[in-house]
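Have a look at the structure below, then the notes.
What follows draws every value from the coordinates through simple rules; no lab data is involved. These numbers come from a predicted model, not from an experiment. Every residue, glycine as well, gets a Cβ built from its backbone with ideal geometry; the counts of neighbours run over all protein chains shown.
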Amino acid sequence: MLKRIVSAIIGLPFLLAIIFIGGMPLFIAILIVSLIGLREFYNACKNKSLFPVEVIGYLGSIALIVLVNFSYSPSYIFLLFFILIFLLNSIQLIYGKYNFLDISVTLYGLAYVPLLLSCILLISKQPNNIVIWLVFTTAWGTDTFAYFSGYFFGKRKLCPSISPKKTVAGAIGGVLGSISISVLFGYFFLQDYIIVVAFIGAIGSIVAQVGDLSASLIKRHTGIKDFGNLIPGHGGVLDRFDSILFTAPTIYFILNFVINRR
């Protein structure tokens, strides 16, 4: 716990500064986090004798983040994934080292890490982009409230076969805590959308917990405790951003299709 607190004290101001400044620092941060997270995912896959085509994965990740940040277009993203699929299948045909499972985890890693994280960049370029803060407050607020709710009231396990420490009380507490933080945020910054912001708090918390459990499922399947040890007390980048991967797209679509349409 002490390591987690110290890491948060050191890392949180840095994160806040990057989000506040936005622009190129945010782009560089998302690119770095994406590459590290993708590497952690690929390393986990190797424990199950899966061998992603890492060079294609990393180059694809860079191309994806660059496209999203500088010239976002669904057509370009589709074209990129078509090229990647074509290249990966060509490699499979030419070299006998890789098979369709290796290609599958290569592409899944690209979709799971950089594609989902890139939604943070998309949010930053939208009107009412102040909701970018909700990506982090709903995810990490849920984590904090779920921990203390589970610690004091948790008896019934939520998904014991996947994550033995998580409880039903913790999950409920995480949702209620996220709604409270979001409403408080909305009161100060988005008063015209307070109901939508409360909805973001609820849905964001649910998808954050699904993201957390999904990452736990991957770790359990690959036989690892953490994705890495880069962040003391937290593990790897994916251990800290697993819930962010799901909250970022959720909040982007709510922002794009609900808030900015009003």
Fill in the blank from the handout: Of the candidates 221, 210, 56, the farthest towards the positive dipole end of the chain (Lys/Arg Cβ +1, Asp/Glu Cβ -1, centred on the Cα centre) is 221
Fill in the blank from the handout: Net charge (Lys, Arg +1; Asp, Glu -1) of residues whose beta-carbon lies under 13 Å from that of residue 225, residue 225 excluded, is 0
Exercise for the section: Mind pulling the angle between the C-alpha long axis of helix 168-189 and the longest principal axis of the chain? Nearest 10 degrees, somewhere in 0 to 90. Expected result: 80
Handout entry: Structure-based [θ]222 nm, the chain - -39500 (n - 2.57) summed over DSSP H runs of at least 4, per residue, nearest 500
Key = -25000 deg cm²/dmol
Exercise for the section: Return an integer: the convex hull volume of the alpha-carbon atoms of region 105-232, in Å³ per residue. Expected result: 124
Fill in the blank from the handout: For the chain, whose charge dipole is built from +1 on Lys and Arg Cβ atoms and -1 on Asp and Glu Cβ atoms, the candidate among 158, 190, 120 with its Cα farthest towards the positive end is 158
Problem - Gyration tensor over alpha-carbon atoms, region 1-134, equivalent ellipsoid semi-axes in Å - result: 30, 21, 9
Practice task
Using a 10 Å cut-off on Cβ atoms, rank the peptides 146-155, 202-211 from the highest mean neighbour count down.
Solution key: 202-211, 146-155
Handout entry: Relative contact order of region 2-261, pairs being alpha-carbon contacts under 8 Å that are 6 or more residues apart, as %
Key = 22
Handout entry: 39, 261 arranged by Cβ crowding within 10 Å, fewest neighbours leading
Key = 261, 39
Handout entry: Mean Cβ neighbour count within 10 Å, used as a protection proxy, ranking 110-120, 24-34 highest first
Key = 110-120, 24-34
Fill in the blank from the handout: If every Lys and Arg gets +1 and every Asp and Glu gets -1 at its Cβ, then about the Cα centre region 85-170 yields a dipole, in debye to the nearest 20, of 380
Practice task
Please work out the FRET efficiency for the pair residue 97 and residue 71, using the Cβ-Cβ distance as r and a Förster radius of 51 Å; give the result to the nearest 0.05.
Solution key: 0.90
Completion exercise
Longest principal axis of the chain (C-alpha) makes with the long axis of helix 23-46 (C-alpha) an angle, in degrees to the nearest 10, of 60
Handout entry: Calculated Rg and Dmax of region 83-174 using C-alpha coordinates, Å
Key = 20.1, 58
Problem - Within the chain: Cβ-based charge dipole about Cα centre, in debye rounded to nearest 20 (Lys, Arg +1; Asp, Glu -1) - result: 600
Fill in the blank from the handout: Relative contact order as a percentage, region 117-262, C-alpha pairs under 8 Å and 6+ apart, gives 28
Fill in the blank from the handout: Share of Cα-Cα pairs in the chain beyond 35 Å, whole percent, is 17
Exercise for the section: Treating the angle as unsigned and between 0 and 90°, give the value, to the nearest 10°, between the Cα long axis of helix 74-94 and the longest Cα principal axis of the chain. Expected result: 40
